[in-house]
1. With the cut-off at 1.5 for a/c, could you classify the stretch 4-68 from its C-alpha gyration tensor as rounded, prolate or oblate?
2. Shape verdict for the stretch 274-408, please, from the Cα gyration tensor: rounded (a/c under 1.5), prolate (a/b greater than b/c) or oblate.
3. Leaving ligands and nucleic acids out of the surface, order I159, I381, I261 by accessible area at 1.4 Å, largest first.
4. If r is the Cβ-Cβ distance from W91 to S254 and R0 is 51 Å, what FRET efficiency results, to the nearest 0.05?
5. For D436 paired with D406, estimate the spin-label separation in nm (one decimal), with each label point 7 Å from Cα along the Cα-to-Cβ line.
6. If the only charges are +1 at each Lys and Arg Cβ and -1 at each Asp and Glu Cβ, what is the size of the charge dipole of the chain around the Cα centre, to the nearest 20 debye?
7. Stretched out fully, how many nm does the piece from E73 to L447 gain, at 0.36 nm a residue minus the Cα gap?
8. Probe 1.4 Å, all protein chains in place: accessible area of R223 in Å², nearest 10?
Amino acid sequence: MNNKPVIPKEEFAARRRRLLERLGQDAIAVVPSGGLKVRNRDAEYPFRQDSDFHYLTGFNEPEAVAVFVPGREAGEYVLFCREKDEVAERWSGLRAGTEGVKHLHGADDAHPICDLDKLMPQLLIGRDQVHYDLGANADFDQRMLGWINHLRAKARAGIRAPHVIVMLDRILHEMRLFKSAAEIAVMRHAAQVSARAHTRAMQVCQPGKYEYEIEAEFLYEFRRERMEPAYTTIVGGGKNACILHYIENNDELSDGDLLLIDAGAEYECYAADITRTFPVNGKFSPEQRALYQLVLDAQKAAIDQARPGKTWDDPHQAAVKVLAQGLLDLGILSGTLEEALQKPEVVDGEATKEEPYRQFYMHKTGHWLGMDVHDVGDYKIGDAWRTLEPGMVLTVEPGLYISPADNVDPKWWNIGIRIEDDVLITVDGNEVLTRDVVKEIDTIEALMA
């Protein structure tokens, strides 16, 4: 029996109703699906649906367009899709077809995708606003502008064309920012599988193995649960851990080095995102231990600030203060905490230099998480950092990356550490969705032993 969580059809229908209500009677929304992408010659990359399209439809085929038309008597949710085709389906899999998308995916009205250019202008007539993500798909942008210009040319015949294109994300991405109970269940499942994979990696790691061998353990755990990597897996040993987006994963793992792994599974189009750092040989050196504990303390301080009423920037500021003070205590930075955190002067719109701590910690402490690993949603409202609210999910991922430099004692060189967890904001605080994978020094060493 399959007890894995899913997003029910009723939730997709509820999302569409919310979108239609927010559009208003004089608007229309157009959302194209993702497309197939060629990898090389006749081979294609595995298809991954566009997140906005999937969020509203739950329909996982390419070459489709969803149209939302408030108040349309023949149906407010119109879906253009591929028709049934016995020959094509024999080669590349079954299609829902126009009848299937109505019965299986709740479309009010459905048409073959080949009729899009003929029927789309008719749907646009009389609508003042088109909600559409202009700039995301250059080819579709040209078609959209072509339909609108076609209608504008008929103005003397009494045809009213849309006169405003509104970015759809103003409505849709705000909806996506707040996760429902079903979405949280799906994300929790992805987090649990990802945590198992990280635990497995710690258990099999040893000097002499290669980074790609450790990556293979993640692929095994993900695929056996019908999941995919949510992003390109980072497996960086030694100096490679100091490269923030290292993805070659080709080097041999050396005794005495740390290994940084940033990997998460995607389930039902929802991502997990975990980073753990541990010693290749199972034992932290004194320098590694000191820096690792500093990053862990910074992460704990940041997670404590990830709760309702705090702003998006509060976890970051908490982490930065802990990291800067720790770098001062270890002699890696000099001066005072105030000096380490001092903002640079801005001349002609550009900073003259970076804060001293940014030599070793150069990124923010997290990002929104959901259908995209760097998920949608505003980080500021106006000029103010956004207040955290229940239902939001974010990562908390402080780190330190010490590359060889004249101003740093060589004993710290080539130590890269990041610790990342996925945190759900709840009514009374937060829930760490990725808590199942260890991160305390003693528990890591015990697991690897």
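1. Values: a/c = 4.36, a/b = 1.68, b/c = 2.60.
In terms of gyration-tensor shape, oblate.
2. Working: a/c = 1.98, a/b = 1.22, b/c = 1.63.
Note, shape of the stretch 274-408 comes out oblate.
3. Working: I159 50, I381 100, I261 0 Å².
The residues order as I381, I159, I261, largest area first.
4. Values: r = 47 Å, r/R0 = 0.93.
FRET efficiency, W91 to S254: 0.60.
5. It is 5.0 nm.
6. Details: 52 positive and 74 negative charges, 252 e Å.
The calculated dipole for the chain is roughly 1220 debye.
7. Values: separation 374, 0.36 × 374 = 134.64 nm, distance 6.22 nm.
Residue separation times 0.36 nm, minus the Cα-Cα distance, leaves 128.4 nm.
8. Counting only protein heavy atoms, R223 exposes about 120 Å² to solvent.
The values are calculated or read from the model by the stated rules, or taken from the named source; none is laboratory data. Not measured: the values here are computed from a predicted model. Here Cβ is always computed from backbone atoms with ideal geometry, including for glycine, and neighbour counts include all displayed protein chains. Note: accessible area is taken over every heavy atom of the protein model, side chains too, but ligands, DNA and RNA are not part of it. Shrake-Rupley method; radii C 1.70, N 1.55, O 1.52, S 1.80 Å.
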